[in-house]
Amino acid sequence: MAADQLSIIHGVRGEVERTALRARNGIKMAIGVSRPDVGRTPKDVVWSSGRAELWHYHNDDVRYSPPLLVIPSLVSRSYILDLTPGNSFIEQLVGAGLDVYMLDWGVADERDAANRFEDYVDLAIPAAIRRVRRRSGADGVNLLGYCLGGVLTLLHAAHHPSSPLRSLTVVACPVDFRRLGPLGDIFGTTDLEVDAVLGDDGNIPPRVVLRGFRSLAPMGEITANVNLLDRLWSDEYVAAHQAMTGWATDHVPFPGATARQMAQMLRDNALVTGRMELGGDRVSLADIEVPFLSVLGTRDHIIPEPASAPVLELIGSADKHELRLDGGHVGLIVGRTAQRTTIPTLVEFLIRRSRALS
């Protein structure tokens with residue numbers, strides 16, 4: 001038989017096999033039996049307050065001190081940082097020999113409607129730092145914030161210059177809110193706009209948050225489904241798609257009082273203009289002097305590059321660095337870009353400011 005005929009036969013046979021796999025995976029997705037487990041890196045809850053929990057990830061091979069405390073966003077589930085085995089930001093940090101903690105905010109309810117930035121920046125984060133230090137015996141911590149969690153870490157470090165931070169890292173973190181784009185519409189720019197979208201519990205409902213994020217990429221869901229249909233035969237692709245789309249639609253309520261402060265931040269562009277106030281104190285990012293790293297993506301449609309890039313000019317640290325990557329908001333912490341560039345660079349930054357354990 002001629003080589004070209006064999007090639008055609010193999011091609012047809014391969015397409016038949018992929019069609020069968022597409023049918024199998026399509027049925028599994030339709031009946032909901034193939035959803036991947038997320039947030040699987042082993043951990044213990046070592047402190048809690050209200051809905052917030054401090055998680056300590058298991059690691060029998062900690063090689064560096066001090067520990068790393070991770071602060072996720074307030075509007076999304078934290079498991080994006082620990083998505084699936086083999087594709088987990090947390091898992092890789094643990095594997096690099098770091099002692100990793102994360103402060104998970106939980107799901108806000110009516111008891112959290114009055115929460116302000118001060119509750120997170122001046123109370124929860126300092127309490128978590130104290131517990132990490134007490135548990136580890138270290139005299140300080142490395143602090144890392146993702147997305148809005150980065151804003152919380154900036155505000156904490158600026159409002160508490162004596163906080164025992166060895167370093168501060170922010171990933172996809174907005175500072176210039178006038179360059180934020182449509183994301184600001186989630187919160188509005190006046191208290192009346194915020195009040196108009198609050199739920200009965202006094203918080204911005206997840207559906208409003210989801211609608212705001214979808215407005216950033218109107219064709220994103222269609223494109224994702226087209227790509228899924230083309231790759232439905234691949235178990236690995238289907239699992240990754242389900243994990244990502246599951247997280248992207250799995251938002252949590254956003255505390256109403258904090259949303260009003262966000263509206264004020266948008267009006268004042270407070271982090272850039274220096275008009276941010278916490279507890280009656282004026283807060284300036286210039287007061288942050290610890291070693292600093294900013295990671296941003298040039299294709300981030302949620303936190304656009306112009307909104308995150310100015311942070312390096314605003315920070316007072318002499319030891320400050322920027323990692324600018326050709327990636328999107330989630331791609332900075334999940335997938336090939338994270339595995340090849342973000343995490344190795346972050347680990348190197350932390351190790352240089354850590355003490356090796358014998």
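The values are calculated or read from the model by the stated rules, or taken from the named source; none is laboratory data. Small disclaimer: the values here were computed from a predicted structure and weren't measured. Virtual Cβ from ideal backbone geometry, glycine too; neighbours counted across all protein chains shown. Each accessible area value is taken on the protein alone, full model and side chains, heavy atoms only, with ligands, DNA and RNA left out. Shrake-Rupley method; radii C 1.70, N 1.55, O 1.52, S 1.80 Å.
Sorted by packing (mean other beta-carbon atoms within 10 Å per residue), highest first, where do 312-318, 351-357, 137-143, 61-67 land?
Highest to lowest by the protection proxy: 137-143, 61-67, 312-318, 351-357.
May I ask for the Rg/Rh ratio of region 54-154, computed from Cα atoms with Rh as the Kirkwood radius, given to two decimals?
With Rh from the inverse mean 1/r over Cα pairs, Rg/Rh is 0.97.
State the answer as a single residue: which of Phe292, Leu314, His329 lies farthest towards the positive end of the charge dipole of region 267-342, with beta carbon charges of +1 for Lys and Arg and -1 for Asp and Glu, about the Cα centre.
So the residue furthest toward the plus end is His329.
Once you order the gyration tensor axes a ≥ b ≥ c over the Cα atoms, which shape class does region 272-358 get: rounded for a/c under 1.5, otherwise prolate or oblate by comparing a/b with b/c?
Oblate, because a/c is 1.5 or more while a/b does not exceed b/c.
Just grab the label-to-label distance for Arg134 and Ser162, each label 7 Å out from Cα along the Cβ direction, in nm (one decimal).
Distance between label points: 2.0 nm.
Working out 0.36 nm times the residue gap between Arg352 and Asp326, then minus their Cα-Cα distance, what length gain in nm do you get to one decimal?
Using 0.36 nm per residue and subtracting the Cα-Cα distance, I get 6.9 nm.
Give, in nm to one decimal, the length gained when the segment between Thr273 and Arg63 is fully stretched (0.36 nm per residue of separation minus the Cα-Cα distance).
Difference between extended and current length: 71.5 nm.
Under 5 Å between amide hydrogens, which residues at least 5 positions from Leu278 or on another chain qualify, with H placed 1.01 Å from N in the peptide plane?
Amide H to amide H, under 5 Å and 5 or more residues apart or across chains, Leu278 pairs with Val283.
Roughly how much of His159 is accessible, in Å² to the nearest 10, using a 1.4 Å probe?
40 Å²
From the phi angles alone, apply the Karplus equation (6.51, -1.76, 1.60; θ = phi - 60°) to region 339-347 and give each ³J(HN,Hα) in whole Hz, x where the residue is Gly or Pro.
After applying 6.51 cos²θ - 1.76 cosθ + 1.60, I find 5, 8, 10, 4, 5, x, 5, 4, 4 Hz.
Just to be sure I understand the model, the point goes 7 Å from the Cα along the line to the Cβ. What's the resulting Arg211 to Glu305 distance in nm?
With each label point 7 Å from Cα toward Cβ, the separation is 3.2 nm.
Once phi is turned into θ = phi - 60°, what whole-Hz ³J(HN,Hα) does the Karplus curve with 6.51, -1.76 and 1.60 give for every residue of region 55-66, x standing for Gly and Pro?
9, 10, 7, 5, 7, 8, 9, 6, 10, 9, 9, x
To the nearest Å, what is the center-to-center distance of region 91-130 and region 33-89, using C-alpha atoms only?
So the two Cα centres are separated by 11 Å.
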